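Nothing in this text is a laboratory measurement; each read-out follows from the coordinates by a stated rule. Small disclaimer: the values here were computed from a predicted structure and weren't measured. Quick reminder, even Gly has a Cβ in these numbers, built from the backbone with ideal geometry, and neighbours come from all protein chains shown.
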Amino acid sequence: MGFDHIDIIQSILDGVLFGSTYALIGLGFTLIFGAMQKLNMAYAAASIGGAYAGLASITILGLPALMAFVIGPVASGLLGLLVYVACFQYMPRGNHLAPLMASIGALFFIDEVIIHETAGSPLSFPAVLPQAYFFLGDFGIRGDLLFAMFISFLLMGAILFLLYRTKLGLATRAASQQPVASLLCGIPTRKTNATTFVLAGVLGGIAGCLVAASVGVLSPLLALPLTIKGLIVTVIGGLGSIRGAIIAGFMIGAFENLFLLIRGVNERDIYVFMLLFIFLVFRPNGLFGTAIDRD
Amino acid sequence: MEYYLGVLQTIGIHALLGLSAYLLLLTGQLSLAQVGFFAIGSYVSGMLTVMVGWHIAPALMVGAIMAGFFAFLVGFPALRVKGLMLVVATIAFSEIVRLFFFNLNWRVQVDGLEVGPDSTQGFREIRYFAANGWEQSHVVVLIWSILALVMILLWWLDRVRAGAVLRAVGEDELAAQSSGVNLMMVKVAAMTAGGIIAGIAGGLFAHSSTYVDHHSFSILLATFAISYPILGGLRNVFGTLVAVIFIQGFIIEGLRFIGDYRNILFGLLIIAAMNFRPQGLVDGNFRSDLAKLLGLKPNGGSNDA
């Protein structure tokens with residue numbers, strides 16, 4: 001197949017724009033991991049669940065299409081809270097396997113409920129700004145992806161503000177660094193952790209809706225790939241690093257789209273995973289991560 | 001009858017897969033790469049019996065060695081990292097293997113028929129058992145004897161120094177290292193042994209199902225593999241077998257009549273089990289709990305076999 005530099009730059013451009021959704025999912029994983037040093041495997045499934053709730057509000061309740069972007073994040077925020085209570089709140093602090101396994105259970109549960117309700121078939125999702133398409137010299141830019149990128153930057157700014165400029169952010173960071181000490185200082189760590197889960201859930205819901213809107217369909221099959229891509233973004237960005245997750249999100253989006261062009265859809269993901277292995281060998285702490293000396 | 005034999009085969013294969021993850025969990029490594037080794041074992045041994053015409057025994061062995069070799073290779077970069085990073089690295093490995101076989105097209109002519117892996121169409125012609133007059137019950141005996149052998153080996157491992165070293169690394173790496181344990185060697189050895197067990201399980205799976213494709217080796221199966229030992233507990237090898245019988249025998253097969261609700265139930269059960277028994281179903285207190293439940297006095301563990 002023939003392609004020139006214009007095709008390559010175009011595909012990188014599209015990839016970066018689509019990468020904003022990966023950045024959002026990676027950001028959610030990072031928030032939860034940063035708060036508890038534990039992994040929430042159900043996170044991307046809850047995001048897709050939120051997108052489904054948003055879609056249901058349009059198709060079943062007959063609300064205007066834009067309401068999906070309000071109901072969806074709210075629903076996945078609630079799902080995030082539910083996952084926290086069911087899989088993390090009552091677990092022994094030192095046990096990392098049990099909450100991980102429980103959240104895998106929650107991943108199955110959310111996915112299977114969706115499959116049961118929709119009979120497993122994909123549903124079409126309303127597109128945002130379907131007609132918008134800009135030209136920049138030789139290159140075209142999809143308006144809806146640009147919108148997604150804009151929204152993600154807005155949310156990243158909001159999260160950074162929340163973490164570093166508010167009292168809640170201070171409490172979250174304290175609870176993540178010294179859970180026992182912050183409890184002794186009067187910080188309600190459980191409430192703080194629950195808030196983090198809800199916040200990450202809302203982010204995930206928005207990401208889920210953006211993915212569904214730009215792909216055009218919503219399917220329970222999206223949950224697992226989104227989980228894996230989100231985890232890869234988290235690791236390449238550096239565990240617990242917020243700017244790392246954001247930059248890695250765009251990077252993975254670009255890299256994936258470039259190899260989609262060069263090697264086709266069947267082989268695309270192999271190269272993304274290879275990239276992860278290269279990082280694990282040469283930079284195991286990711287782009288911006290600090291050295292991890294514990295599990 | 002055929003149906004029950006099929007269930008027994010599934011339980012045996014999944015128990016082997018669970019035990020391969022169990023061995024790694026003993027050293028504190030949560031690996032989702034087991035399904036990758038399982039896939040390598042399936043394809044390699046399947047290709048040997050179908051395309052080269054080997055007997056099942058050497059084919060299984062070579063499949064297991066290949067899987068162990070890749071486990072050895074992947075062990076070095078992957079075990080530099082811990083916890084979450086290892087989970088992600090092993091997911092990536094399993095997906096690379098799955099996508100490799102998804103793209104693998106290697107058709108050859110055997111006895112006038114074109115056979116071999118056919119990329120997206122899967123690998124369809126693994127009919128060694130049927131072609132050589134094996135009955136379903138013979139296959140069950142083969143699978144369960146290998147399972148028994150592996151269980152005895154792992155049981156014995158827990159009785160000798162090597163097992164103590166494995167558990168020491170799992171309990172506290174720093175303390176183990178201070179006591180002169182070579183962490184890298186122990187972890188890579190556990191990874192390799194786990195890979196070999198998963199490879200055998202894969203070979204058995206390919207031959208008992210006669211057909212494999214990339215759907216057979218999804219991350220879903222990897223999560224099943226780790227869920228057995230975690231649900232069953234790391235106290236001994238029987239926990240894993242109990243968990244496999246419970247999940248494959250009871251939830252998947254026994255509750256078939258409730259339709260797809262059992263998939264929903266499966267997720268809920270894992271959440272409930274982890275909340276109420278975070279150390280696994282068969283944990284250290286299992287004996288005394290069982291004794292209490294039966295109204296017997298708990299016996300201070302002196303008869304602990």
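Of note:
- Shown for the protein assembly as shown: lysine pairs separated by 8 or more places, or found on different chains, whose C-alpha atoms are under 20 Å apart, numbering 6.
- Ordering A:158, A:203, A:121 by the projection of their Cα atoms onto the charge dipole of the range A:5-282, which places +1 on the Cβ of Lys and Arg and -1 on the Cβ of Asp and Glu, puts A:158 at the extreme positive end.
- Nearest-20 debye value, the protein assembly as shown charge dipole, Cβ charges on Lys, Arg, Asp, Glu: 1820 debye
- Which of A:26, B:217, A:135, positive extreme of dipole for the protein assembly as shown (C-beta unit charges): A:26
- A Cα-only calculation for chain B places Rg and Dmax at 19.8, 69 Å.
- Taking Cα centre as origin and charging only the Cβ of basic (Lys, Arg, +1) and acidic (Asp, Glu, -1) residues, the dipole magnitude of chain A rounds to 1140 debye.
- Top positive-direction residue, dipole computed over the protein assembly as shown with Cβ charges, set B:150, B:236, B:247: B:236
- Shape call, the range A:99-178: gyration tensor on alpha carbons, a/c limit 1.5: oblate
- Convex hull volume of the C-alpha atoms in the protein assembly as shown, normalised per residue: 181 Å³.
- Inter-centroid distance (Cα atoms) of the range A:13-78 relative to the range B:105-154, Å: 43 Å
- When the range A:209-277 is reduced to its Cα atoms, the Kirkwood hydrodynamic radius in Å: 12.8 Å
- Amide H contacts under 5 Å for residue B:110: B:115, restricted to partners 5 or more places along the chain or on a different chain, H placed in the peptide plane at 1.01 Å from N.
- Here the range B:172-189 and the range A:262-280 have alpha carbon centers that stand 32 Å from each other.
- Between the C-alpha center of the range B:19-84 and that of the range A:89-109 there is a gap of 27 Å.
- The amide H of residue B:29, built 1.01 Å from its N in the peptide plane, has no neighbour under 5 Å, considering only residues 5 or more places off or on other chains.
- Each peptide in B:81-91, A:90-100, A:115-125 receives the mean, over its residues, of other Cβ atoms within 10 Å, and ordering these scores from highest gives B:81-91, A:90-100, A:115-125.
- A cut-off of 5 Å between modelled amide H atoms, ignoring neighbours fewer than 5 places along the same chain, links residue B:212 with B:123.
- Kirkwood estimate for chain A, i.e. one over the average of 1/r between Cα atoms, Å: 19.5 Å
- Three-way shape call for the range B:94-182 based on the alpha-carbon gyration tensor, with the a/c threshold at 1.5: oblate
- Chain B, dipole about Cα centre (Lys/Arg Cβ +1, Asp/Glu Cβ -1), debye to the nearest 20: 680 debye
- Diffusion of the range B:41-132 by Stokes-Einstein, at 4 °C in a medium of 1.567 mPa s and with Rh set to the Kirkwood radius over alpha-carbon pairs, works out to 88 µm²/s.
- q = 0.28 Å⁻¹, the range A:181-234: log10 I(q)/I(0) [Debye, one scatterer per Cα]: -1.11
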